[in-house]
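A.B. asks: Structure incoming, see below.
A short reminder: the numbers here are calculations on the coordinates, not readings from a lab. Model, not experiment: these values are computed from the prediction. Glycine gets a Cβ as well: all are built from the backbone with ideal geometry, and neighbour counts include every protein chain shown.
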Amino acid sequence: MTRVELTVNGRRYREEVEPRLLLSDFLRHTLGLTGTHVGCEHGVCGACTVRIGGRSARSCLTLAVQADGAEIETVEGLAGNGELTRLQQEFHECGALQCGFCTPGMLMAAADLLERGKPTRDEIVDMLSGQICRCTGYEPIVEAIARAAEAS
C-alpha cells in the first residue's frame, strides 16, 4: 500500500492505496465521486475526464499514486456553490445530453477549454474529437459550449 495525499474538489484527502489503483477507481470507489464515468478504460472515450492541476486528463490512464500532491477537479466540483455553472446551464438548454454517460467528461473537457479563453467553433470541434457521445450527436454539444463561451 502507498499513501497518497491529494485535494479533490477543494477537499483534502489522505488515503492508503494499492500502487496499481487507477485514479478513476479511486475517485469512484474510494471517494464515492461517481460522476467520473468509466467507459473504455483505454483513454479513448473521454468519459473519465477530470482536471488534474487545472488541465484535463483521463483518470482511467492515471494511477492514483501519480496524482499524489495534486489538485483534482471532478464534475461534482464544477458547481461548487450548488448552482449550475453557465456551461452546465447551456448543456441543459441546448439538449446537449441524453443518456448522460459522456456528459461529465464532456463538461470537464469543455470547462478546461473555456478556462483557456474564448474558443472558436473549430477549436470546440477539435476538443470534442477526444470525447465520444453515442446519443446526442455533437451539434447540441458544440452549440452549448459556444454559447457558454460567448457568455463569458
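A.B. asks: Along Cα→Cβ, 7 Å out, is where each label goes; now give me the distance between the ones at residue 34 and residue 11 in nm to one decimal.
C.D. replies: Going by the 7 Å Cα→Cβ label model, 1.5 nm.
A.B. asks: Volume per residue, Å³, of the convex hull around the alpha-carbon atoms of segment 35-81?
C.D. replies: 70
A.B. asks: Separate question: Order these by the 10 Å Cβ neighbour count, fewest first: 2, 136, 120. Spell out each step's value before the answer.
C.D. replies: On the way: 2 14, 136 20, 120 11.
The most exposed by this proxy come first: 120, 2, 136.
A.B. asks: Next question, about the same structure. For the chain, take the alpha-carbon Rg, divide it by the Kirkwood Rh, and send me Rg/Rh. Provide the component values of the computation, followed by the final result.
C.D. replies: On the way: Rg = 15.1 Å, Rh = 15.5 Å.
Expressed as Rg/Rh, it is 0.97.
A.B. asks: Let me ask something additional. Select from 24, 40, 9 the residue farthest towards the positive end of the dipole of segment 1-66; place +1 on Cβ of Lys and Arg, -1 on Cβ of Asp and Glu, and compute about the Cα centre.
C.D. replies: Towards the positive end, the residue furthest out is 9.
A.B. asks: Restricting to DSSP H runs of at least four residues, report the calculated mean residue ellipticity at 222 nm for the chain, -39500 (n - 2.57) per run over all residues, nearest 500 deg cm²/dmol. Don't skip to the answer; put the middle values down first.
C.D. replies: Working: 5 runs with 46 residues, N = 152.
After summing the helix terms and dividing by residue count, I get -8500 deg cm²/dmol.
A.B. asks: Expressed as a fraction of 2.2 N^0.38 Å, the rule-of-thumb size for a compact globular protein of N residues, what is the C-alpha radius of gyration of segment 86-151?
C.D. replies: Compactness ratio reported: 0.95.
A.B. asks: Taking the Cα centroid of segment 1-19 and of segment 20-97, what is the distance between the two, rounded to the nearest whole Å?
C.D. replies: 15
A.B. asks: Cα axis of helix 139-151 to longest principal axis of the chain: angle in degrees, 0 to 90, nearest 10?
C.D. replies: Relative to the chain, helix 139-151 is tipped by roughly 90 degrees.
A.B. asks: Take the Cβ-Cβ distance between residue 135 and residue 20 as r, set R0 to 41 Å, and report the resulting FRET efficiency rounded to the nearest 0.05. Before the final figure, lay out the partial values.
C.D. replies: Values: r = 32 Å, r/R0 = 0.79.
About 0.80, to the nearest 0.05.
A.B. asks: Moving to a separate point now. Using only the Cα atoms, what convex hull volume per residue in Å³ does segment 2-78 have? Working shown, then result.
C.D. replies: Values: hull volume 5.7 nm³, N = 77.
Taking the convex hull of the Cα positions in segment 2-78, it is 74 Å³ per residue.
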